[in-house]
Every structure is written in structure tokens, then in C-alpha cells.
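Q: Okay, here's the structure, questions in a sec.
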Amino acid sequence: MNTSDSVNQYFDFAAEHLDLEDGLRDILKRPWRELQIAIPVRMDDHSVKVFNGYRIQHNATRGPYKGGVRYHPDADQYEVRALASLMTWKTALVNIPFGGAKGGVQCDPTSLSSDELNRITRRYTLGIEHFIGVNRDIPAPDLGTNSQTMAWMMDAYGQVNGYTPGIVTGKPVELGGSVGRDSATGRGVMNLVEQLIEEKNLSPSNMRVVVQGFGNVGSWVARIAYDMGFKIIAISDVSGGIYSKLGLNIPNVLKYISENKSIKGFPGSENISNQEILELDCELLIPSAINNVINESNANNVKANMILEAANHPITPEADQILNNKGLLVLPDILCNAGGVIVSYFEWTQNLYQRHWPEETVFSELSEVMKSAYKDVKNLVDSENLTFRQAAFVIGVERVVKATKLRGYV
Ligand code: GLU
């Protein structure tokens with residue numbers, strides 16, 4: 001099953017629960033428009049390579065299309081389509097005025113030079129330029145892209161359309177980005193953790209946390225969790241993981257990474273594999289990297305009490321079922337990682353009226369939106385005996401259904 005079909009399984013559950021008519025299910029399940037382009041690029045060695053690029057617009061009934069651009073070898077049409085639909089349900093769940101979209105370039109950014117990435121990004125932007133717009137579709141960073149990529153996108157778009165900072169979010173602050181956007185996804189995850197520990201009367205120092213993935217999302221989760229007093233017993237990146245029973249000192253780990261370009265060999269830690277990290281005994285497991293890492297082959301071995309999906313779709317539906325049967329609490333991606341797109345919304349708003357918010361405003365508004373979405377989900381979990389994922393999809397889908405009907409599509 002591809003990721004797009006997996007996400008649609010969750011949609012189907014919500015559609016059934018809401019007793020939606022078939023025609024409406026058809027409208028909401030399929031993307032509105034899909035654009036696939038060729039991106040020819042002159043490489044540093046003078047050869048020419050052609051990459052596949054995508055921008056898939058899933059749904060815009062609640063506002064302009066919104067979603068990141070992923071640079072990854074697996075970013076094909078199916079994956080981008082699935083991620084686009086997740087954006088629709090995510091923006092609806094946290095109740096911000098956007099729809100859902102996703103972009104991708106099928107490439108391995110780690111093997112490309114900065115000049116090559118700049119050329120790819122400009123070509124990609126020009127290829128989708130007619131398809132996006134400040135009130136139409138607003139890209140942002142995702143796996144393999146960052147604020148620099150957004151600066152190139154904004155510049156390439158501006159060369160055709162004039163100065164348009166609101167065309168992308170996740171820009172550098174110097175070019176109109178919002179303060180707090182880089183840490184937003186990780187901070188949003190920790191806003192939920194804060195809510196959970198308050199509800200369950202838990203203390204951070206007694207909680208062992210495992211963070212899988214140490215890119216933008218994972219590294220901020222680890223930093224903020226460390227500052228809040230949690231015991232981070234393991235972290236990992238693509239090359240493998242490190243474990244310390246006593247807890248890792250995250251500021252020192254960050255220093256070590258900047259000096260050694262790797263987490264491996266961090267003093268006082270043991271090396272562990274990317275498989276082992278997901279199976280560690282802990283209170284909180286936070287997958288923060290790529291899709292489908294917890295699947296049928298390892299779900300039975302997961303020993304965490306709670307999982308927060310900071311990545312998009314880290315758990316397959318089969319594994320989700322296994323984890324639910326084991327009684328694990330899983331907070332789904334469309335809730336957990338919404339902090340990124342929420343602060344993107346704040347950035348877009350700031351760009352529209354050209355006034356910048358201070359950091360305290362960004363952080364407090366983010367926390368408010370995250371906690372209110374959590375409460376909406378929790379209320380439905382309790383009143384209708386659903387899992388958190390089921391409840392999150394029911395809320396997201398129901399909001400899009402309402403907008404669809406009001407617009408008079410059906
Ligand atoms: N790529 C992030 C996500 O998957 C952020 C998207 C955005 O800010 O538009 O939610």
C-alpha cells in the first residue's frame with residue numbers, strides 16, 4: 001500500500017463515522033490538481049540532470065493551499081499526494097484558514113552542492129510559479145529544505161512577480177520570516193507534552209524521552225524537552241543513534257555535532273542502530289524523521305508508553321492498530337506537528353500587513369492554538385470512545401465538509 005492509500009484509510013474512517021455521502025467522499029479524497037514538472041539542471045561537473053518536481057493541491061475550501069516542499073529521493077507523486085492530503089486535515093484540525101498542498105523534488109539534497117540546490121530550487125519555482133500565489137498556494141520548508149531554500153524560492157518568484165514575501169513561509173527572518181518559525185514544530189510538540197503531563201500529573205524528570213531524527217524538528221524537540229527537565233535517553237540521525245541511560249546533555253550534544261558533524265561517539269553514550277532506538281524502553285517516543293518507520297515488522301517491539309508523531313506519517317495503519325491494541329497512547333501527526341504550519345500562518349499574516357510580531361507573541365499564540373486543538377480532540381476521544389487519530393481526522397474532515405457544503409459544491 002502506498003502512503004496515499006494509508007492516509008485515505010484514516011479519511012475513510014472519518015467519512016464513515018460522519019456518515020458522508022459517496023459523492024462528498026470522492027470530492028474530499030482526491031487532490032484538486034496535481035502538477036508534475038521536469039527540472040533540468042546543469043550540475044557542478046557540467047553534466048545535465050533532469051529531476052522530477054511536483055506541486056499537488058489537495059483541497060482549498062477553507063483557504064489557500066498550504067504545505068511544504070520536500071527534497072528527498074522518495075518524494076514521488078504518491079508520497080507528495082499523501083502529504084498534501086495530510087495538510088488539508090491538519091490545517092482544518094488546528095482551525096487555521098488554509099487548505100492543503102505539498103510539493104516535492106525527487107533528489108538527494110545531501111549529495112548536492114549549495115549552488116546545485118539553488119539552481120534546482122529556482123527552476124522548480126519557475127515551473128510551479130503560475131500555480132502558486134499569496135492567496136492561492138503558499139509553500140514552506142519540509143524534509144530536505146530549509147529557510148535558505150525558501151529565500152531562493154521567494155527570490156525566483158519575485159523576479160517574475162515583483163516583491164512578494166508572503167509567497168512562501170519559513171523564510172529567514174531577515175527576508176520577512178517570523179521569529180520562532182524554525183523551532184515551531186518542535187515547540188508545538190512540546191506544548192502537547194506539557195498538556196499531557198499536566199493532565200496525567202507526571203513530572204518531566206521521571207520521564208525518559210527518545211527522539212528519533214535530529215533534523216529541524218527532532219533537534220528542537222530535544223532542545224526544548226531538555227530545557228523543560230525531561231531525561232532524553234536517546235537521539236538519532238540518518239547515520240544511527242546514541243543512548244545514555246542517565247540522559248544526554250543536549251546543549252553538549254549540539255556542540256559535539258557542530259565540531260564532529262556526527263552524533264556518533266558522543267562522550268558517555270553508546271551507539272545504537274536506527275532500529276533499536278524505536279524499541280527502547282521509555283515513557284515518550286517522538287519519531288521526528290521520515291514516514292513508515294514504525295510498521296508491522298517492529299510495532300510489537302515498541303516499549304514506549306506514549307508516542308507523539310512529530311514526523312508526518314511515521315506509523316503505518318497496520319502498526320497503528322497493533323499499538324492501539326497494546327493500549328499505547330499515540331498522538332497523531334496532524335495534531336503533533338501542526339506547530340510548523342501554525343507559525344507559517346502567523347508569518348503569512350505578518351507579511352500581509354507588514355508588521356512583525358515579537359517572539360513572546362508567536363510562542364504564546366502557538367501554545368494557545370496547539371492546546372485548543374488538543375482539547376477539541378480529547379473531548380471527542382472521551383465522548384465517542386475514539387483513538388486520538390480517529391478523533392483528529394473526524395474533526396478535520398468535518399470542518400472541510402462544512403466549508404464544502406457552504407461553498408455549494410454539493
Ligand atoms: N512542512 C510542514 C508540515 O508538514 C510545514 C508546512 C507549512 O508550514 O506550510 O506541516
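The values are calculated or read from the model by the stated rules, or taken from the named source; none is laboratory data. The structure displayed is predicted, hence computed values, not measured ones. Every residue, glycine as well, gets a Cβ built from its backbone with ideal geometry; the counts of neighbours run over all protein chains shown. Calculation scope for accessible area: heavy atoms of the full protein, side chains included, ligands and nucleic acids excluded. Shrake-Rupley method; radii C 1.70, N 1.55, O 1.52, S 1.80 Å.
Q: With just the Cα atoms defining each centre, how far is the stretch 245-278 from the stretch 22-69? Give it in Å.
A: 36
Q: While we're on this one: What spacing in nm lies between the two simple spin-label points modelled at Gln321 and Lys375, each 7 Å away from Cα in the Cβ direction?
A: 3.6
Q: Once you've got the GNM for the chain with C-alpha springs shorter than 10 Å, pick whichever of Glu34, Glu198, Glu79 has the biggest mean-square fluctuation.
A: Judging by the Gaussian network model, the answer is Glu198.
Q: Name the residue, out of Asp44, Asp74, Asp333, whose mean-square fluctuation peaks in a Gaussian network model built on the chain with Cα pairs under 10 Å.
A: For the chain, modelled as a Gaussian network with Cα springs under 10 Å, the answer is Asp44.
Q: Sticking with the crude label model, points 7 Å out along Cα→Cβ, report the distance from Glu34 to Ser203 in nm, one decimal please.
A: For Glu34 paired with Ser203, the spin-label model returns 5.3 nm.
Q: If you don't mind, there's one more thing I want to ask. Ordered by residue, what ³J(HN,Hα) values in Hz, to whole numbers, does the stretch 11-19 give under the Karplus form 6.51 cos²θ - 1.76 cosθ + 1.60, where θ = phi - 60° and Gly and Pro are x?
A: Result, ordered by residue: 4, 4, 4, 5, 4, 5, 4, 8, 6 Hz.
Q: Can you work out ³J(HN,Hα) from phi for every residue in the stretch 304-311, in order, using Karplus 6.51 cos²θ - 1.76 cosθ + 1.60 and θ = phi - 60°, giving whole Hz and x for Gly and Pro?
A: Values, residue by residue: 5, 8, 9, 10, 10, 7, 6, 7 Hz.
Q: Ok, one more. Give me the number: length gained by fully extending Glu21 to Thr349, i.e. 0.36 nm times residue separation minus the C-alpha to C-alpha distance, one decimal in nm.
A: Here the answer is 114.5 nm.
Q: Right, another one. Ignoring ligands, DNA and RNA, please state the percent of accessible area on the stretch 83-217 from carbon and sulfur, probe 1.4 Å.
A: Numbers: 2140 of 4700 Å².
Carbon and sulfur atoms account for 46 percent of the accessible area of the stretch 83-217.
Q: For the stretch 265-343, with all protein chains present and a 1.4 Å probe, just round the carbon and sulfur fraction of the accessible area to a whole percent. Mind dumping the intermediate values first?
A: Values: 1130 of 2550 Å².
Here carbon and sulfur together make up 44 percent of the probe-accessible area.
Q: Another question about this same structure. Using only the Cα atoms of the stretch 248-358, build the gyration tensor, take square roots of its eigenvalues as a ≥ b ≥ c, and label the shape rounded, prolate or oblate: rounded if a/c is under 1.5, else prolate if a/b is larger than b/c, else oblate.
A: The shape class here is oblate.
Q: How large is ³J(HN,Hα), in whole Hz, for each residue of the stretch 209-220 in order, when computed from phi with the Karplus curve 6.51 cos²θ - 1.76 cosθ + 1.60 and θ = phi - 60°, using x for Gly and Pro?
A: 3J(HN,Hα) across the stretch 209-220, in whole Hz: 10, 10, 10, 9, x, 10, x, 4, 6, x, 5, 6.
Q: Find the centroid of the Cα atoms in the stretch 192-238 and in the stretch 322-370, then give the distance between the two in whole Å.
A: Cα centroid of the stretch 192-238 versus Cα centroid of the stretch 322-370: 17 Å apart.
Q: Between Glu174 and Lys49, what's the calculated FRET efficiency when r is the beta-carbon distance and R0 is 45 Å? Round to 0.05.
A: With R0 = 45 Å, the Cβ-Cβ based efficiency is 0.90.
Q: Right, next: How much length is gained on full extension from Lys402 to Ser273, taking 0.36 nm per residue of separation minus their Cα-Cα distance?
A: 41.8 nm
Q: Per residue, how much accessible surface does the stretch 185-238 expose to a 1.4 Å probe? Answer in Å², no decimals.
A: Values: 2010 Å² over 54 residues.
For the stretch 185-238, the solvent-accessible area averages 37 Å² per residue.
Q: Most mobile of Asn324, Asn59, Asn305 per a Gaussian network model of the chain (Cα springs, under 10 Å)?
A: It is Asn324.
Q: Given H placed 1.01 Å from N in the peptide plane, which residues other than close sequence neighbours of Asn59 have an amide H under 5 Å from its amide H?
A: When sequence neighbours closer than 5 places are left aside, the close amide H contacts are Trp32, Gly100.
Q: Placing unit charges on C-beta atoms (Lys and Arg positive, Asp and Glu negative, everything else neutral), compute the dipole magnitude of the chain about its Cα centre in debye, rounded to 20.
A: Dipole of the chain, to the nearest 20 debye: 740 debye.
Q: Follow-up question, since we're still on this one. So what is the accessible area of the stretch 318-368 per residue, in Å², with the probe set to 1.4 Å?
A: Each residue of the stretch 318-368 exposes 41 Å² on average to a 1.4 Å probe.
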